[in-house]
1. For the range 15-54, name all the residues that are aliphatic (A, V, I, L, M) and under 26 Å from the mean Cα position of the chain (by Cα).
2. Show the residue pairs meeting these rules: Cβ distance below 7 Å; 6+ apart or different chains; first residue within the range 9-20 and at negative phi; second residue loosely packed, with under 13 Cβ neighbours inside 10 Å.
3. Which pairs do you get when a residue that is without any contact (Cβ under 8 Å) to a residue 60 or more places away in the chain and within 19 Å of Ala114 (Cβ to Cβ), found in the range 124-149, comes within reach of a residue that is surrounded by 11 or more Cβ atoms within 10 Å (Cβ to Cβ) and charged (D, E, K, R), reach meaning Cβ atoms under 7 angstrom, with the pair 6+ apart or on two chains?
Amino acid sequence: MIPRLSLSFLNHLLRQETWARGRFRGFAGRSLAISLGGLPLLRAQLGASGLLEPLEDDGQTDVTIRLPLPAPWELLAGPESLFARAHLEGPADLAEALGQVLRNLHWDVEGELATRIGDLAAHRLVTTGNRLWAWQKDTWQRLGLNVAEYLQDDSPYLADRAAAERLGLEIQETAKEADRLEGRLGALEARRRGA
């Protein structure tokens with residue numbers, strides 16, 4: 001189900017972007033696999049039209065793109081952050097073309113809505129959605145900062161950096177003092193044996 005939806009959605013975006021289809025045409029017949037957090041997301045073959053076609057066999061693909069399973073706060077930064085951490089395997093020219101296209105495909109939500117509900121309504125709906133998204137993003141970022149501040153300043157479980165550095169210096173001084181004391185004890189022991 002998810003691979004079919006992924007394929008349909010990517011082809012929908014590719015139909016809107018002639019540059020992307022043109023970039024893929026030179027690689028017709030080559031195959032790719034995309035996984036998200038180890039789960040298969042898509043297996044496809046590049047068609048002569050520049051669109052993706054389903055790949056039925058489970059054999060080796062020309063390029064494999066492994067996307068990390070993102071944390072919710074990473075998704076707030078946008079899909080670019082997810083693709084920045086992607087791991088690509090395969091021929092460099094094909095991997096680079098896939099990476100370029102996947103990073104730069106954008107869904108023109110407002111344009112699609114405008115054909116169904118009109119320009120003004122689509123613009124207002126997208127603007128409201130963007131404001132809601134920005135508000136949620138800001139809320140998550142503030143929450144993250146507050147949790148980090150609590151853990152750093154108020155939590156009994158974590159020491160702040162300065163305290164940890166002081167403790168490290170004290171441990172080093174104690175170790176040096178123990179070495180000096182051990183040396184003195186060795187010298188006294190040697191004198192006692194010699195006497």
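All of the numbers you see were taken from the coordinates with simple rules; none came from a lab. All values reported here derive from a predicted model rather than from experimental measurement. Ideal geometry is used to build each Cβ from the backbone, glycine not excepted, and the neighbour counts take in all protein chains shown.
1. The answer is Ala20, Leu32, Ala33, Ile34, Leu36, Leu39, Leu41, Leu42, Ala44, Leu46, Leu51, Leu52.
2. Going by the 7 Å Cβ cut-off, the qualifying pairs are Leu13/Trp107; Gln16/Asp108.
3. Val126/Glu110
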